[in-house]
Amino acid sequence: MYICIMKRMKMFILLSLVAAWWGFVSCENKNDKGAEASYAVALQLFEQGKYRACLDSITLLRDKFPQAIEVRRQALKLWQDASLKLTQEDIARTDSALQAVTKLYEEAKTIRERNFIGIVKDSLQIRYDALCGTVRVIHRRQQEK
């Protein structure tokens, strides 16, 4: 009788493990499909040039689907590409502003005027250098793959 109970207990445990595994696998497939749909939205936003919205979409994908590893791997590459494009746009705006302020600095007539414009110029130069550094880091990470 004891042996019969043990066999039934083993069978019950085995069936429970199989049921739990099956539930995990089916749940993972649903998550992957939802994650793939979110990734498709992010990719579409990237192709439209909406880089900030693309990054926000990828952040939502990461929060909603932490188990979808393969989709998140693809999203990482898209994240790097969107960050690079966004930073390059910011570099272009900063460079234009820096050139305009440099021209004003050179045309300044008084020391006081030069000092105030110089503060803005230095701030823009620091921002420009930091953005260029960000681009170098993104390029290096893209090459690591």
Long-range neighbours under 7 Å by Cβ, at least six apart or interchain, first residue free of Cβ contacts under 8 Å to residues at least 24 places away in the same chain within the range 59-73, second of a type in the set (S, T, Y) and open to solvent by less than 90 Å² (accessible area, probe 1.4 Å)
L60/S38
Could you pull out the residue among E89, E113 that is without any contact (Cβ under 8 Å) to a residue 40 or more places away in the chain and under 27 Å from K77 (Cβ atoms)?
E89
Number of the exception - L98 against (1) in contact with a helix residue (DSSP H, G or I) (Cβ under 8 Å, 6 or more places away or on another chain); (2) at pLDDT below 95:
(2)
Tell me, please, whether a residue that is modelled with pLDDT under 95, within 16 Å of the chain's Cα centre (by Cα), surrounded by 14 or more Cβ atoms within 10 Å (Cβ to Cβ) and outside any helix (DSSP H, G or I) can be found in the range 107-116.
no
Go through (1) open to solvent by less than 70 Å² (accessible area, probe 1.4 Å); (2) in contact with a Gly (Cβ under 9 Å, 6 or more places away or on another chain) for K85 and report which single condition fails.
(1)
Only residues that are open to solvent by less than 100 Å² (accessible area, probe 1.4 Å) and either assigned to a helix (DSSP H, G or I) or closer than 16 Å to F46 by Cα (or both): list them for the range 60-73, please.
L61, R62, I69, V71, R72
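The values are calculated or read from the model by the stated rules, or taken from the named source; none is laboratory data. What you see is a predicted model, and the numbers here were worked out from it, not measured in a lab. We place every Cβ from the backbone using ideal geometry, glycine too, and count neighbours over all the protein chains shown. Surface accessibility is based on the protein's heavy atoms, side chains included, excluding ligands, DNA and RNA. Shrake-Rupley method; radii C 1.70, N 1.55, O 1.52, S 1.80 Å.
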